[in-house]
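A quick write-up on the structure given underneath.
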Amino acid sequence: MFEKILIANRGEIALRVIRACREMGIKSVAVHSTADSDAMHVRMADESVCIGPPPSSESYLSVPAIVSACEITGADAIHPGYGFLSENASFVQVLEDHDIGFIGPTAEHIRVMGDKITAKDTMKRLGVPCVPGSDGGVATVEEAKRVSAEIGYPVIIKATAGGGGRGMKVARDAEALEVAFRTARAESKAAFGNDEVYIEKYLQRPRHIEIQVFGDGKGRAVHLGERDCSLQRRHQKVFEEAPGPAIDAETRARIGKVCADAVAAINYTGAGTIEFLYEDGEFYFIEMNTRLQVEHPVTEAIFGVDLVREQIRVASGLPMSFEQKDLVLNGHAIEVRINAEKLPNFSPCPGRVNVFHAPGGLGVRMDSALYAGYTIPPYYDSLIGKLIVHGRDRPEALARLKRALAELIVDGVDTTVPLFHALLEEPDILKGNYSIHWLERWLAETF
Ligand code: ADP
């Protein structure tokens, strides 16, 4: 087992990893930029190292600074959290070359899943259902037209190197396709330095359903059901729940097995998420995330497992502590992402937090790095906390969420809490009746 783990991240996810380390008797090392000297993760870790100035490109994304921090502190492994370097194959390659453990999959798995075309090809080969579309990249307008006519309009043009919803354009007919194709390529070139795009059938009213998988790196893998993350604004998730209101036990077992078998076949190590669009009872693979997700706590709540602890176990060479038959789903969990943002425009709202009071009680978990007197710096993303509730069923979880939100106090900055109060009054949300377009439409109409 590792003796000391360096956490190459900040905020609530750094605390999440420190907590798991502490329960396992492992020492933790925090890294931080000069803007984060007073941050909670620095206070909570056993040791800390300053790795650079505020911009992430010079601190949390600096591979030399992070590797040096590992060597100075004698940390034998790195947990990357999510974002930053968590899906950076060359970072993982550097760690492999320096004999520093990486708590995640291999560089090769990250590389294959990080390119959307190779990811889709691999999943197709492994028997995972995919969105109908082009075989690989599409280079010319003529080819784009031929492929689109074949799969049928509307289509969506997506960047091979894409992420965060950038470089995606929908075309309703052949005429619109030409403009969409050129725009997607130009956007992709500007955002990712790569103008390769591919084409998929555009699904009209799907849900975003993702399957949590976990592998031991030696050909064994399990699934931990699904999360419904359809409530998104600008392709950013804001409200996630497990189990999905539209998924029954038989469907879960079927798609779960497909996913677990797929990652077992490639000897995948640790936590991963296979994302699908789900429409009319069919699943369509869109991408795989080779890391812990922001919304992992809803899965932890209903299965009663600690995913970070499992990640650390398998990365150190130990077996998983559960098998598929041990994973029994219990109740319902919901997470809401609390951002320091001013409504209705969701503009970032960093600044000083005068008072912070986290909700508590049965079935309530608040993962946050806030404290009273803390100043949220303007350099990083605006997530300041995740409120996760667990109940015996969906109505109980919803009631608990409403109660817990009312207890939460964040004084000094604007937050997205009022959005959730409003959502909890909506009949569609109470019934679990929403697709990936619901939130944008509702925001435009009523908020
Ligand atoms: P990114 O990596 O940029 O997040 P994804 O492939 O995960 O890109 O897609 C992000 C979101 O875009 C999805 O959650 C969905 O809302 C929408 N989307 C992607 N592909 C399709 C499709 N074929 N049809 C309809 N919507 C899509």
* **Test: residue in region 173-188 that is in contact with a helix residue (DSSP H, G or I) (Cβ under 8 Å, 6 or more places away or on another chain), within 30 Å of residue 270 (Cα to Cα) and open to solvent by 60 Å² or more (accessible area, probe 1.4 Å)** => no
* Would you check which residues across region 163-172 are buried (at least 17 other Cβ atoms within 10 Å of the Cβ) and either away from the ligand (no atom under 12 Å from the Cβ) or farther than 17 Å from residue 286 by Cβ (or both) and list them? => 171
* Structure fact -> Of the residues in region 12-35 that are over 15 Å from residue 49 (Cα atoms) and of a type in the set (Gly, Ala, Ser), the one that is most open to solvent (accessible area, probe 1.4 Å) is 25
* Asked: Out of (1) charged (D, E, K, R); (2) under 28 Å from residue 246 (Cα atoms); (3) surrounded by 14 or more Cβ atoms within 10 Å (Cβ to Cβ), what's the single condition that is false for residue 441?
  -> (3)
* **Residue list for region 266-325, filter: polar (S, T, N, Q) and either within 16 Å of the ligand (Cβ to nearest atom) or open to solvent by less than 30 Å² (accessible area, probe 1.4 Å) (or both)** => 269, 273, 289, 290, 293, 299, 311
* To do: Quick one: residue 118 ticks every box in (1) loosely packed, with under 15 Cβ neighbours inside 10 Å; (2) away from the ligand (no atom under 15 Å from the Cβ); (3) without any contact (Cβ under 8 Å) to a residue 40 or more places away in the chain except a single one, so which number is it?
  => (2)
* Test: residue in region 195-203 that is farther than 25 Å from residue 280 by Cβ, loosely packed, with under 15 Cβ neighbours inside 10 Å and more than 10 Å from the ligand (Cβ to nearest atom) -> no
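The values are calculated or read from the model by the stated rules, or taken from the named source; none is laboratory data. All values reported here derive from a predicted model rather than from experimental measurement. Because the Cβ atoms are built from the backbone with ideal geometry, glycine has one as well, and the counts that use them run over all protein chains shown. Each accessible area value is taken on the protein alone, full model and side chains, heavy atoms only, with ligands, DNA and RNA left out. Shrake-Rupley method; radii C 1.70, N 1.55, O 1.52, S 1.80 Å.
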